[in-house]
Amino acid sequence: MPRNESKFTVFFEDPFGVGVYERMEDGILEVCKITFGAEPKDYEVYDFFLQNWNKLCFSPPVNADHGQDVKINPKRMQRAL
């Protein structure tokens with residue numbers, strides 16, 4: 001079954017806000033780095049995507065072996081420590 005994921009993270013890298021957009025399609029990972037101003041607001045980031053979606057430049061595709069996420073009960077995890 002094909003698995004498609006996307007993730008966008010914004011963090012502060014002095015003196016700018018930087019966004020990292022990751023997309024994974026069928027085990028192939030591509031990443032795009034976006035530099036914003038000092039502190040981008042939510043609506044500025046959203047507007048950027050609306051205006052520049054087709055201009056994003058992604059890294060060369062890389063195979064990503066993405067194992068299944070194993071969810072462990074918090075109480076079991078605490079006992080294991």
* To do: With volume of the Cα convex hull per residue in Å³ defined as stated, name the option among (1) 90; (2) 68; (3) 172 computed from the structure displayed.
  => (3)
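Per DSSP H run of at least 4 residues, take -39500 (n - 2.57); add these up for the chain, divide by its residues and hand me the 222 nm value, nearest 500 deg cm²/dmol.
On the way: 2 runs with 18 residues, N = 81.
Calculated mean residue ellipticity at 222 nm is -6500 deg cm²/dmol.
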* When we measure straight from the Cα of LYS55, which aspartates and glutamates land under 14 angstrom away, once same-chain ones fewer than 8 places off are left out? -> ASP47
* List every residue whose amide H lies under 5 Å from the amide H of PHE36, counting only residues 5 or more places away in sequence or on a different chain, with H placed 1.01 Å from N in the peptide plane. => GLY17, VAL18, GLY19
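Order 6-17, 28-39, 70-81 from most to least packed using the mean count of other Cβ atoms within 10 Å.
Working: 6-17: 10.6, 28-39: 13.2, 70-81: 7.4.
So the peptides 6-17, 28-39, 70-81, ranked by packing, come out 28-39, 6-17, 70-81.
Any read-out appearing in this document is the output of simple, stated calculations on the displayed coordinates, not a laboratory observation. Note that the coordinates shown come from a computational prediction; the quantities given were computed from them, not determined experimentally. Ideal geometry is used to build each Cβ from the backbone, glycine not excepted, and the neighbour counts take in all protein chains shown.
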